[in-house]
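Some notes on the structure that comes next.
The values are calculated or read from the model by the stated rules, or taken from the named source; none is laboratory data. All figures in this text were calculated on a predicted structure; none of them were measured in a lab. Note that each Cβ is placed from the backbone with ideal geometry, even for glycine, and that neighbours are counted across all protein chains shown. Keep in mind that these areas ignore ligands, DNA and RNA; they rest on the heavy atoms of the full protein, side chains included. Shrake-Rupley method; radii C 1.70, N 1.55, O 1.52, S 1.80 Å.
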Amino acid sequence: MTEPFQFKDSDVKIEKRETVFQGFFRMDKLWLTHRRFDGKEMPTFTRELFIRGDATCVLPYDPDRDEVVLLEQFRLGALGRDQSPWLLELVAGMNEDGESPEEVAQREGQEEAGLTFKPLDKICDYLVSPGGSTELIHLYCGRISTEAAGGLFGVEHEHEDIRAHVFSADEAIAMIYDGRINNAAAIIALQWLQLNRPRLREGWS
């Protein structure tokens, strides 16, 4: 059986690339071809590519109280669906040039929830929608205390309006299964927590 990952970047030829939109984000149009599994070359085709920087997301978790902090805020991409466009999400932010994901995690923890993470446990890195976007998410779980957690946060000039909620880990996990939480980063992190809670409660307490 043929092993996967036999192709590399060098097996893709970008014949032309142009920026078709530049705003808060950027959209490029590419003309390209690449090798095929049958040994031939794909005819030239076009794709639009959403150029979005990498981001870091953190699930704040208190192992002593077995509680998490989730952030409620408006998301334009959820508008027009059979649900509220205010979602429950993780602490998250875009990675700036020169910042490590861990630095982004701590910055956003303060801005969005008034939290500092000690320690940060890496969950994974994942591509959000690689069929048309460059975005990569660095995903973490961060130890916090929920004793004084919760409240209103956000950076005014970035038009952020955030309410931080404290939930039991059981309730947060249940919200995946009844559909109240339906964004990828929160689902991945909470399911990871479901698998790793015993280790975290023993090692972090």
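Structure notes:
- Condition check for PHE24: at pLDDT below 95, open to solvent by 70 Å² or more (accessible area, probe 1.4 Å) and within 21 Å of the chain's Cα centre (by Cα): yes
- Tally, over the range 83-112, of residues that are surrounded by fewer than 13 Cβ atoms within 10 Å (Cβ to Cβ) and under 21 Å from ILE173 (Cα atoms): 1
- From the list PRO60, PRO4, PRO43, the one residue that fits, being modelled with pLDDT of 95 or more, in a loop (DSSP other than H, G, I, E, B) and not acidic (Asp, Glu), is PRO43.
- The range 35-81, subset of a type in the set (Val, Ile, Thr) and under 30 Å from LYS16 (Cα atoms), residue least open to solvent (accessible area, probe 1.4 Å): ILE51
- Selection status of CYS124, surrounded by 12 or more Cβ atoms within 10 Å (Cβ to Cβ), more than 11 Å from ALA55 (Cα to Cα) and either of a type in the set (A, V, I, L, M, F, W, C) or without any contact (Cβ under 8 Å) to a residue 60 or more places away in the chain (or both): no
- Criterion violated by ALA148 - all others in (1) over 21 Å from LEU87 (Cβ atoms); (2) open to solvent by less than 60 Å² (accessible area, probe 1.4 Å); (3) among the hydrophobic types (A, V, I, L, M, F, W, C) satisfied: (2)
- Members of the range 20-37 found to be assigned to a strand (DSSP E or B), within 17 Å of GLY132 (Cβ to Cβ) and touching a residue at least 12 places away in the same chain (Cβ under 8 Å), listed by number: VAL20, ARG26, MET27, ASP28, LYS29, LEU30, TRP31, LEU32, HIS34
- A single member of GLY154, GLY203 is modelled with pLDDT under 95, open to solvent by less than 70 Å² (accessible area, probe 1.4 Å) and within 19 Å of ARG75 (Cα to Cα), and it is GLY154.
- Candidates GLY53, GLY93, GLY98, GLY77, filtered to the one that is under 22 Å from SER133 (Cα atoms) and in a strand (DSSP E or B): GLY93
- Some residue of the range 163-185 being surrounded by fewer than 16 Cβ atoms within 10 Å (Cβ to Cβ) and under 21 Å from GLU103 (Cβ atoms): no
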